[in-house]
Amino acid sequence: MTYRIYLTIVCISFLQGLQYGPSPVLKQISDHFPDVSTSMVQMLITGPSLVGMICALASGVLVTKISKKQLLLAASLISGISGVLPLFADSFWLLFGCRIVYGFALGLATALNTAVVAEWFEGDARVKAMGIQAASVGAGMAVTSAGAGFLGAAVFTNSYFIHTIGFICFILILITLPDTGRAVQTEGEKIQINGRVVVIALLGLLEFMFLITFTTNISMHLTGELAGDVKASGNLTSIFSIAQIIIGLVLASITKVTKKATLPVAMCSFVLGAALLVWFPSNFAMLCAGAVLCGFSQGVFIPTAMVEEANAVPPVAAAMASGVFTCGTCSGQLLSPVVLNTAAGLIFGEVTTSGVYTAAAGGMILSAVLCAFVMLRKTK
């Protein structure tokens, strides 16, 4: 049974990974639709977060009306249908609208992934399961990014076929996940959140507001011989994802060393990665190193924060707690293009990818200091 749940977690994580499907072809989309602003093109990745945020919060109530399995099956179908629909018309706004619809699936998948882990695992087994979740999210991003980059190398619209992953996940979840019915509240276990949940969610907002810049800017950041290379940007996003896979598999060992400093250490990893991206935009080897460090940041931060959230509430409230955290991370992604493009323009006089990465690194340093204070205060 354990391995069936692990496979379910992998499927849910692949649904989440589809958020980054457009990443390798953002430049091609921007060139194809010259009248559309760069920030709007970047919102093909961050836009689903708006709907995802609302849907994730609603999932805390939805699980009392509809079983987790039924909700995840719906998320799978939404992912598949919304992903391939833009193939039928050459319209940016159809593409954008479908990405927003995909946000429903993203919100459900993100919130329910943690809820499934909380329902089936406890203690150290929960940490291990969250590590597997982080690894599979990384795998989902790697497959999605590399696959989309490969499919869209000649014609960017072919990258949309990567969303057939949604249909595959539908079949696997149907087979592997037991239907445990609707969540039931009792006197001792009610669906409610506490201050700890909100604080971790706010840290998630900061982490993702800066971290998402890697994905939204990497295809436009490459210079020299790498400029406009779809495969190179796809490979870098895949390396970012592979780093998450590796880190997720050894997460339990890492947290034993870093203890309460795990979250701020993850934030500092992005700062180092962003520095390499700024300094070496035409050096593929150094860009790969930067991608690894950025992937380490997400691979450590997300599962560790999710465990903090799940441990702060009873299992029946896990979906709600996860929804609040998802709300934080989605808000960060949604705000990222506007906040950081504006910040880069104000600081450097123009908006460039190097300016955005520099602003993101500065913001993450301040966030890491705040995070360290929060975690140290908890320890005391």
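The values are calculated or read from the model by the stated rules, or taken from the named source; none is laboratory data. The structure displayed is predicted, hence computed values, not measured ones. So basically every Cβ, Gly included, is an ideal-geometry build from the backbone, and we count neighbours across all protein chains shown. For the accessible areas, the whole protein counts, side chains as well, though only heavy atoms, and no ligand, DNA or RNA atoms are used. Shrake-Rupley method; radii C 1.70, N 1.55, O 1.52, S 1.80 Å.
General remarks:
- Annotation: peptides 299-305, 309-315, ranked by per-residue average of other Cβ atoms within 10 Å with the highest first, follow the order 299-305, 309-315.
- Shape category assigned to region 231-360 from the gyration tensor of Cα positions, a/c cut at 1.5: oblate
- Rg to Rh quotient for region 240-293, alpha carbon positions, Kirkwood Rh: 1.04
- Within the accessible area of region 50-207 (1.4 Å probe), percent carbon and sulfur: 70
- For the chain, taking a cut-off of 4.7 Å between Cβ atoms, the unpaired cysteines are Cys55, Cys98, Cys268, Cys288, Cys294, Cys327, Cys330, Cys371.
- Residue ranking by accessible heavy-atom surface, 1.4 Å probe, largest first, among Leu346, Leu151 comes out as Leu346, Leu151.
- Of the whole protein surface, Trp120 contributes about 90 Å² of accessible area at a 1.4 Å probe radius.
- At the residue level, Phe161 shows approximately 100 square angstrom of accessible surface with a 1.4 angstrom probe and all protein chains present.
- Computed over neighbours whose Cβ is under 12 Å from that of Ile66, the net charge equals +3, Lys and Arg +1, Asp and Glu -1.
- Stokes-Einstein D for region 13-96, Kirkwood Rh over Cα pairs, 20 °C, 1.002 mPa s (µm²/s): 149
- Counting Lys and Arg as +1 and Asp and Glu as -1 over every other residue whose Cβ lies under 13 Å from the Cβ of Ile302, the net charge comes to -3.
- Exposure of Cys98 as accessible area (Å², to 10), given a probe of 1.4 Å and all protein chains: 10
- Computed on region 250-380, with alpha-carbon pairs under 8 angstrom and 6+ residues apart, the relative contact order is 35 percent.
- Under the span-like rule (Cα at least 15 Å along the axis, Kyte-Doolittle mean at least 0.5), DSSP H helices of the chain: 2-17, 48-62, 68-84, 92-120, 123-151, 165-176, 195-211, 230-249, 262-279, 284-311, 318-348, 353-379
- Principal semi-axes in Å for region 91-138 [√(5λ), Cα gyration tensor, largest first]: 31, 11, 4
- Mean-position separation - Cα centroids, region 296-331 and region 263-282, in angstrom: 23
- Heavy-atom accessible area ranking, 1.4 Å probe, most first, across Ile365, Ile247, Ile175: Ile175, Ile365, Ile247
- For region 1-156: rounded, prolate or oblate by the Cα gyration tensor [a/c cutoff 1.5]: prolate
- Prolate/oblate/rounded call for the chain, Cα gyration tensor, a/c under 1.5 rounded: oblate
- The order of Glu207, Glu308, Glu225, Glu350 by accessible area, most exposed first and with a 1.4 Å probe, is Glu225, Glu350, Glu308, Glu207.
- Carbon + sulfur, % of accessible area of region 252-380 - ligands and nucleic acids excluded, 1.4 Å: 73
- The alpha carbon radius of gyration of region 183-299, expressed as a multiple of 2.2 N^0.38 Å, is 1.31.
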